[in-house]
Structures are given as structure tokens and as C-alpha cells.
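This report concerns only the one structure given below.
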Amino acid sequence: MTKILIIGGGYAGFTTARQLEKKLNPGEAQVTLVDPLPYMTYQPFLPEVASGSIEPRHAVVSHRRHLKRTRVITAEVAKLDHASKTATIKPADEDEYTLGYDIVVMTAGAVSRTFPIPGIADNAVGLKQIEEAVWVRDTMIDNFNRASTMAPGPERSRLLTFVVVGGGFAGIEAFAEMRSLATALLADYPSLQFDDVQFHLIEAAGRIMPEVSEETALSVIKNLAERGATVHLNTQCTSAVDGVVETSNGDKFPTDVIVWTAGQMANPLAQGFTDLPVNQRGNVRVRADLRVEGDEGIVQDAWAAGDVAAVPDLSGGGVAGYCVPNAQHAVRQAKVLANNLVATLRGDAPTDYYHENMGAVAGLGLGFGAFQSGKRGMTGFIAWLMHRGYHGMAIPTYERKARVFSNWCSQTVWGRDFVSLSKVRDPKHFFERFAARPKPAAKKPAAAAKKSDS
């Protein structure tokens, strides 16, 4: 039986595995998926998780629950040697072991791309994982709780200042949703005023959201300014030491929350830990049919898709000739990859991946969104509904769709849930504080000790 190994259980890897389960005949192949996490994260929903609009568990999809015929291994891949068709698997609490395969599918995704700016690695957080979004949400709520009991001053100002670095889609959505959460929180904290809360977005380029027209981008900036959020264009973050964000314009913003969204890069696993060919940016080199290709031609029995791969964009709408790394491409590439893999197993020819971008939608806080399709762009309530409709239907499985839509419906009636669960990071504290402990053994009186010695 052919052994298929999928490395990475994100959008591309999860979708590939689901499609293979549907298309492979019983006994035709054994599919194994390896990922350090037991779930895939629907990243377009992370800004709404950070703002409290979506329950965190509803923005992730369990591997084991929805991949019934796939062997799921929750572990890291420490090394891939395609020449010998072996992968070194590294579980969290066990020794490494070697796993053999016949066909490999590289869908390891991407990670946040950072620069050696002092303080960023120690004080910032990305927005690529569900845990990061939950941290942002809980920290904002905790900061409001603490600030509400303080007199005006530097410490309160620090708690109520929030900074996002990066003005692409991910950064603007996170920034706007965080501002939306802060505005909603103010209703429950009469001691805090609107002007007490400061939001700053730092973008090195001269505009935001390159996926939309400049007119649409300017409309978004105007809306954010009306909501008390400042966008700093042509500005770089030069330091974040001790949580004080310094910019190339000379501004300083002391803060507890720095969200870094200034780009992403292919999972470092692809470069340095595998023998698959990669380009200068570390992305696995593939043909339009998603087969891996090196200098000497096709690498047999190797496929790749999603953010980790440099997939040619045959529509002509990509960047430098390649598909942009986003969920829209990842899921479509995964479906083509699964079809092509099954086709080659059965002796048929693969087909090329081709997708024309129909547009882009962004949610920018309750009731406001942005939409762009070709030269047509809009912002406002309709665009927000389009964003929710598209992504509500795009998240995998009907079970998750139902949970997400139920989140939105209940929020319309009851509002957001502002309960912070940050104490879950130290779950034993309360128990240990009051737990009874054995009394220390009583010491013998000195006189009795001497008499015993004599």
C-alpha cells in the first residue's frame, strides 16, 4: 500500500487529507498527517477571536474528529530526507523516531517574519496562532480591569495603549477589531474615557492594505481615525525594549500589547531541515501542478502547497509571478494537489493550478468592513456582511460553520463576552494557595538533644 506523508496540518494540509479521504479507494493508500498541534487554525478569524467576536475553539478544527481515515501524529518533523524517503518525527514527550513514506506532501505553512529590532522578540506577539489571539483578548480585558482602579498617570496610560506593527490585511483587521473591542469595553468602565485609550498602527510603506485600491485604503484610515485609532505611514518600528515602542519619527509609545503582523515567511522546516529544493525566500519550489521541481526537473513523489510553497500564479495576478500566501489559495491548491496525487497514482496526468482572484474582504470591527474586486471597492456595513458571509462559509466542516454563525447570532442579542481567562496560564495557583500541607517535623529541644547525646 502506498504511504503518503503530509507534513503540516494547517489549511492546506488538512484540506489535502480530507480530499484524499474522499477520493482514495479503500486500501489504495495510507495517509499520515504530522503536525505539532492537534488542530488546524482558520487564520482569517484570528482578529475576531482577539476582539471577542468568536469563541476561540470555534476558529480551530480538530484533526482527529474530522479525519477519520487518516493517521494523525501530533508531533514535529525534525528532519526530512527525501532521498531515503524518511522523516524524523519528534513528539513532545518521547524520543525521536524515523517514519518511512512513499510520497511526501509539504504543507508546513508559514510563520511570522520579524527583523532584529531590539525588544520585539521579547515583548511582541504575532497573530498566526489561536493562542496568540486569545492572549491579546485576555490581556486587553485585564488591562482595562487594572486601569479602571488607577488614577490618571503613566502606568494607566501604558495599560490603555495598544500598538500593531504592519498595515497589511492581517494587521489592519487585527488593529480595527482590537479598537472595536476597546470601544465596547468602555461601556462597562465608567471611570475610563474614550480619549484614555490609545491605538497606534505602524506601517513602513506609504499606504495600507495593498490588496485594495488606494481609495478604499484611505476610506479605512479615515474610519479608524474617527474611531480614535491612529495609522502612522512611512514609519518604522526601531525599538521595543521594555515594551516602549520607538519609531523612526521619534515617537515613543509605552505599552503592554505589541502585535506584530509585518509579514510572514515560509516555515523554516523547508529550508535547512529538508533536502527539497527551495527558492531564495525559503519556499519549496513547485510547478503549477504542485509537484516539487528542482534544477534537474521534477522531484519524484514530492508535492507542496500553501504558504510554504512558491506556486506559480498562471492568472497573472500574483506577486513576482507567484500566488500570494493566503487561505484562499491554500484551500484551492490543496484540492488540486489531492486530485493530481490520486491521478498520478492511477496513471493519469496532473493538471495545473489556476485561480483568478475574485476579490478581497476584510472585517474591521462590528458593522464595518472593506471589499475590493478589480476596480470596484467599498467600505461599510455591506462590506462587513460580505466578509462574514464569505469566511463563515469558507471555514471547513459544517459543524464549525454552525458554531461560528451561532457565535455571531448570540452576540447580536447578548453582546460580546468580556470575561478574561488569563489565569488559565497558571491554573494551579488558586489550589496551591489554600492547599493544606504536612507540618514540618518538630525540632527536639536543645536540652533534650544534649541529654540524648550523653
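The values are calculated or read from the model by the stated rules, or taken from the named source; none is laboratory data. Everything quoted here is computed from the prediction, not taken from an experiment. As a convention, Cβ positions derive from the backbone with ideal geometry for all residues, glycine included, and neighbour counts pool all protein chains shown. Ligands, DNA and RNA are excluded from the accessible area calculation, which covers all protein heavy atoms including side chains. Shrake-Rupley method; radii C 1.70, N 1.55, O 1.52, S 1.80 Å.
Miscellaneous remarks
- Sequence-distant lysines (8 or more away, or on other chains) whose Cα lies within less than 27 Å of LYS68: LYS3, LYS22, LYS23, LYS79, LYS85, LYS90, LYS128, LYS335, LYS401
- Relative contact order (percent, whole number), segment 317-436, Cα cutoff 8 Å, 6+ residue spacing: 12
- DSSP-defined antiparallel bridges as percent of all bridges, the chain, nearest 5: 50
- Farthest toward positive dipole pole in segment 89-177 [+1 Lys/Arg, -1 Asp/Glu at C-beta], among GLY100, ILE130, PHE175: PHE175
- Estimated FRET transfer efficiency when R0 is 35 angstrom, pair LEU37-LEU314 (beta carbons, to 0.05): 0.65
- Here segment 1-105 has 44 percent of its accessible surface on carbon and sulfur atoms, given a 1.4 Å probe and all protein chains in place.
- For a straight C-alpha distance cut-off of 29 angstrom, the lysines reachable from LYS443 (same-chain residues fewer than eight places away being disregarded) are LYS451.
- Summary of packing: across the peptides 127-133, 74-80, 24-30, the per-residue average of other C-beta atoms within 10 Å ranks them, highest first, as 127-133, 74-80, 24-30.
- Per residue solvent-accessible surface (Å²) - the chain, probe of 1.4 Å: 49
- Taking a ≥ b ≥ c as the square roots of the eigenvalues of the Cα gyration tensor, the chain is oblate, since a/c reaches 1.5 or more and a/b is not larger than b/c.
- For the chain: relative contact order, % (alpha-carbon pairs under 8 angstrom, 6 or more apart): 17
- Mean separation of Cα pairs under 8 Å and 6 or more residues apart, divided by the residue count, gives segment 31-149 a relative contact order of 28 percent.
- Computed over the chain, the per-residue total of -39500 (n - 2.57) for DSSP H runs of n ≥ 4 gives a 222 nm mean residue ellipticity of -9500 deg cm²/dmol, rounded to 500.
- Put a dot 7 Å past the Cα of ILE298, heading toward its Cβ, do the same for TRP408, and the two dots end up 4.2 nm apart.
- Here the accessible area is traced with a 1.4 Å probe on the protein chains. For segment 170-213, carbon and sulfur cover 55 percent of it.
- Aspartates and glutamates whose Cα lies under 19 Å from that of LYS222, excluding same-chain neighbours fewer than 8 positions away: GLU173, GLU177, ASP195, GLU203, GLU211, GLU214
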